[in-house]
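The values are calculated or read from the model by the stated rules, or taken from the named source; none is laboratory data. Source: prediction; values computed, not measured. Virtual Cβ from ideal backbone geometry, glycine too; neighbours counted across all protein chains shown. Areas reflect the complete protein model, heavy atoms only, side chains present, ligands, DNA and RNA absent. Shrake-Rupley method; radii C 1.70, N 1.55, O 1.52, S 1.80 Å.
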Amino acid sequence: MTETDTLERPLTKVLPGAIDCDIHPRSPKLDDLMPHLDAYWRDMLPERDIDRLELTTMPTSIGSWALPGGTDGVQDAASLGKSLLDPTGVSAGILNLVNGVQALYDPYMSTAICQATNRWLASDWLDRDPRLRAGLVIPFRNPEAAAEEINRYRDDKRFVQIIALAMGEAPLGRRDFWPIYRAAAEAGFALNIQPGSIYRASPTQSGYLSSLVEEQVHQTQGFASQIASLLAEGVFTEFPEMKTVLAGSGAGWLFGLSWRMAKDWRGARVEVPWIKDSPDDIIARQVRMTIRPLDAPPDPADGAELIDCIGSPDMLLYSSDYPRAHPDAPGTWPAEIPAEYAAQICKANALATYPRLEVTP
Amino acid sequence: MGKHVVCRVDEIDIKMGKLVHVEGRDIAVFNLGDRFAAVSNKCPHEGADLCAGKVFGFPEADGPGCYRVSDRLMVRCPWHGWEFDLETGRSYVDPNRVRVKPFDVSVSDGAGLAEGPYQVETFEVETDGKYVIVEV
C-alpha cells in the first residue's frame, strides 16, 4: 500500500495475514473434559456436580453477557473458522480461555482440570484448524505443577503463552509464581493477562462494588496493579526475555502508570535496586497490549499522540476479542490507529512477542 | 576560581552535612569520614536542602533480593529521596539531566592557611586547627 492510497482510502479492514492475538473459545463442559481426565477425576467431577466452569466476572450464561453462537460462545473450531478466521483473513489466531478453572481452591483439582482443558484445546481446536494457537491454562494454586504443565507443552509450539487473570490468586510478581515464569521464559512462552477476578480478595482496597459498570472499569486497576507488581518484585528483571501481554485491557490508561512509576523510581529506587532502568523504558520493552478494546480518545486524530504517550506502536498487538461484543465488526481496523502502523501491529509485533509462534508467510 | 575556608573539620560530624555560603552560592559540605565532599545545596527536583540529606553507600542489586551496598557515596534528598553521587553530583536515574554541581574540597592545617591563596570570609583561622577548603 502506498502513502497516497492510505490518504485517499483510510484503512478500514485489518491487513490480510494478520495475527489475531485475542480470541475466546467457549468454556469446556464436563463432557468435553471427561476423555482427558484420569480415573480419579472422571469419578470425582460428576460426583461433585462440576460441569460449567463459569467465572463470576465472565458470566457467559446470563443474558447480558451472552455471546454470539449461543450462551456459551463459539462452539467449535469449524464455526470459528467460518465466523471469524475466514472473513478476517488472518494467518493465525490465539485462543485465550478465561473460565472458572482460575478460581478453584483445590490445587489438585485445579491442576487436573487445567491439564484436561489444555488437552481439549489441542484436540478439539488446534488439531482442527492450522491457523489456531492457544494460551495454556495453568494452576496458579500449584506452581510446581504449573511449571510441569508448561514443560509438557514445550515442543507443542501451538501453545504460545500462559494465561493469568488481572485479579487472580495474588499479585503476579510474587516469588511463589517464579517457577511458573522460569519454565515459561525458558520455553519462550509469553505471560498473557486477561480481565477477570476470582474474588479471593475484594476487587478494591475499599471493598466490593455494586454494579457491573464499576466491575468493568475496575479491571484497569487490576491490570495496573499487576504491571506494578511484576516490575517491582523483579519479574521483568529476572525474565527479561518473557513478554507480558495485557489482553482486553484497553491501552489508553497505561502511560499514567508508566509515567508515575518512572517518576517515583527516582526517589524509591533504593527499595528495589534491581530496577536499573527507568520503569517506563522497561514497560515499553516488555509489556504488550491487544488493541480491542482500545480506550482511545474520542477524536481518531488523537490516536497517534495516544500511541506516542503509551510508548511505541511496537507495544500493540492486533486482536478481535471475538466473540465479545464491540461496536464494529471483527476485522475492522480501528480508526484511531494510524494506518502506517498497521503492518507491525497486525503481524510483526506478534512475531516479536511470541517466539513460539510460527506462521507460514 | 578561589579556595575558600568554609569551616573547621570538627564542625561537621561523620556522615553529616553543613550548609555554607561561598561567593553567593549555597553549598552543602559533607564529612565522609576519611574525606569531605561538597555539592550545590539545592535539590533540582523541588529545591530541598541537600545539606540535611542522608549520606549513604549506593544500594545495588545483582538480581531481585540480592542487595549490595557499593563504596560509592551518595546523598539522599530529605524530601523525596532523590540520590546524588557525592563525587560527581550526578543522579543515578538521569545522570545527564538530574544533577547538582560538585565542588573540590580539601582539608588544610590552620598554620598553612596564613600563607596560601585562601579566602577566609567569616571567621578567624587558628593556627592549630584543621579547616575544610572548598574550591569555587
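If R0 is taken as 30 Å, the Cβ-Cβ distance between B:D62 and A:D106 corresponds to a FRET efficiency of 0.20.
The residues of segment A:202-361 have, on average, 42 Å² of accessible surface per residue, using a 1.4 Å probe with all protein chains present.
The Cα atoms of segment A:217-325 define a convex hull whose projected area, averaged across directions, is 7.2 nm².
Working out 0.36 nm times the residue gap between B:E46 and B:T88, then minus their Cα-Cα distance, what length gain in nm do you get to one decimal?
Using 0.36 nm per residue and subtracting the Cα-Cα distance, I get 13.1 nm.
Across peptide A:236-243, what mean number of C-beta atoms from other chains lies inside 10 Å of a residue's C-beta?
Counting other chains' Cβ atoms within 10 Å and averaging over A:236-243 gives 1.
The three principal axes of the Cα atoms in segment A:80-125 give end-to-end lengths of 41, 19, 14 Å, sorted in falling order. Across peptide A:276-284, the mean count of Cβ atoms from other chains lying within 10 Å of each residue's own Cβ comes to 1.
From the convex hull of the Cα coordinates of chain B, what is the mean projected area in square nanometres? Reported value for the Cα convex hull: 8.8 nm². With q set to 0.06, 0.08, 0.09 Å⁻¹, the log10 of I(q)/I(0) for segment A:26-353, from the Debye formula over equal scatterers at the Cα positions, is -0.20, -0.36, -0.46. The protection proxy used here, the mean number of other Cβ atoms lying within 10 Å of each residue, ranks peptides A:274-281, B:92-99 as follows, highest first: A:274-281, B:92-99. Average accessible surface for chain B: 53 Å² per residue, computed with a 1.4 Å probe over protein heavy atoms with every protein chain in place. The lysine pair count for chain A, using Cα distances under 26 Å and pairs eight or more places apart or on different chains, is 12.
The charge dipole of the protein assembly as shown, taken about its Cα centre with unit charges on the Cβ of Lys, Arg, Asp and Glu (plus for the first two, minus for the last two), comes to roughly 600 debye.
When both bridge partners sit in segment A:26-353, DSSP labels roughly 10% of those beta bridges antiparallel. Placing dummy labels 7 Å off each Cα toward the beta-carbon, the span from A:D129 to A:R52 is 2.4 nm. Per-residue packing, averaged as other Cβ atoms within 10 Å, sorts the ranges A:213-219, B:66-72 into the order A:213-219, B:66-72, beginning with the highest.
Taken along the Cα-to-beta-carbon direction at a fixed 7 Å, the label points for A:S61 and B:L19 span 6.9 nm. The accessible surface of the protein assembly as shown, taken with every protein chain in place and a 1.4 Å probe, is 50 percent carbon and sulfur. Which shape class, rounded, prolate or oblate, goes with segment A:111-198 when its Cα gyration tensor gives a ≥ b ≥ c as root eigenvalues, a/c under 1.5 marks rounded, and past that a/b bigger than b/c marks prolate? It comes out prolate by the Cα gyration axes. Counting, for every residue in A:259-270, the Cβ atoms of other protein chains within 10 Å of its Cβ and taking the mean gives 4.
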